[in-house]
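Note sheet for the following structure.
Read-outs throughout are calculated quantities, based only on the coordinates presented, and are distinct from any laboratory measurement. Small disclaimer: the values here were computed from a predicted structure and weren't measured. Every residue, glycine as well, gets a Cβ built from its backbone with ideal geometry; the counts of neighbours run over all protein chains shown.
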Amino acid sequence: MRKEDITENLNRVRERIVTACAESGRDPQSVTLLAVSKTRPAGDLRVACAAGQRDFGENYLQEALEKQAQLSDLPIVWHFIGPLQSNKTRAVAEHFDWMHSVDRLKIAQRLSAQRPAGLAPLNICLQVNIDAEQSKSGAPPAEVAALAQAVAALPNLRLRGLMAIPAPRPDPALQCQPFERMAALLQDLREQLPEQPLDTLSMGMSADMAAAIAGGATIVRIGTDIFGARQ
């Protein structure tokens, strides 16, 4: 994709965030744009960074590590947003700022134990299977509170909130439903864990971003509308 296209796409997505926030009575500064850069070459990320983008989300660990090495001169905040096998936790603990897809305690325990002492605590979101889809990862909503309690007690991690990938809903009127359930889950956690900085709802992608913002998203994960369709 041409450099100008990525820059233009980024600006259009930012305008959509501003519009969605205005419609929901929210401050646009309360929503972080996370550029989902899986399968994209490092050069595309460099272009996006030059256009002011700082937060990038990666799904594939080895690919992400290669890009991090190529882009080490840039002030990028790295988010891991894909499913993670327990034998790959060390690389995430050592090289990322955020981990969005923790859905079981074993993964969190390994991330905590393997986080280098010289780094800030790893920011953690718990992935919730909000629509009970068999094909998706995530803790069932009924188990989120217990998982959050256990993760919050681990050193070297900072529990920030929740993440979800709801089932697709073409009808905009229905898109808000899972996001509203996620917001209610997070509010319940805030009451149970008042000492934790539970300020994050990572939800919403290109097709349902406006509904996610209306539902309280603080991080929206956008790939196609920035970088174009994946090859």
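Which one of 182, 108, 29 has its Cα pushed farthest toward the positive end of the charge dipole of the stretch 3-227, where Lys and Arg give +1 and Asp and Glu give -1 at the Cβ?
Farthest along the dipole direction, towards plus: 108.
Which one, 59, 147, 135, is farthest towards the positive end of the dipole of the chain when Lys and Arg carry +1 and Asp and Glu -1 on their Cβ?
59
Under a Cβ-Cβ cut-off of 14 Å, what is the net charge of the residues other than residue 158 that fall near it, where Lys and Arg count +1 and Asp and Glu count -1?
That sum, taken over residues with Cβ under 14 Å, equals -1.
I'd like the per residue volume of the convex hull spanned by the Cα atoms of the stretch 1-100, given in cubic angstrom.
Cα-based convex hull of the stretch 1-100, divided per residue, equals 103 Å³.
Normalised radius of gyration for the stretch 3-227, please: alpha carbon Rg relative to 2.2 N^0.38 Å, two decimal places.
0.97
Could you work out how far the C-alpha centroid of the stretch 126-190 sits from that of the stretch 1-54, in angstrom?
24
In percent, how large is the relative contact order of the chain, given Cα pairs closer than 8 Å and 6 or more residues apart?
Reported as a whole number, the value is 21 percent.
Highest mean first, how do 50-60, 170-180 rank when packing is the count of other Cβ atoms within 10 Å averaged over residues?
My ranking of the peptides, most packed first, is 50-60, 170-180.
Which of the three applies to the stretch 56-111, rounded, prolate or oblate, going by the alpha-carbon gyration tensor with a ≥ b ≥ c and a/c under 1.5 meaning rounded?
The shape class here is prolate.
Once whole DSSP H runs in the chain are found, which of them have Cα atoms spread over 24 Å or more along the helix axis and a mean Kyte-Doolittle score of at least 1.6?
none
Could you give the dipole magnitude of the stretch 3-227 about its Cα centre, charging the beta-carbon of Lys and Arg +1 and that of Asp and Glu -1, in debye to the nearest 20?
540
Quick check on the chain: helices-only [θ] at 222 nm, where DSSP H runs of length 4 and up contribute -39,500 (n - 2.57) each and the sum goes over total residues. Nearest 500, please.
After summing the helix terms and dividing by residue count, I get -13000 deg cm²/dmol.
I need the Debye-formula profile for the stretch 52-172: one equal scatterer per C-alpha, no solvent, reported as log10 I(q)/I(0) at q = 0.17, 0.21 1/Å, two decimals.
With no solvent term, the Cα-only Debye profile gives -0.85, -1.20.
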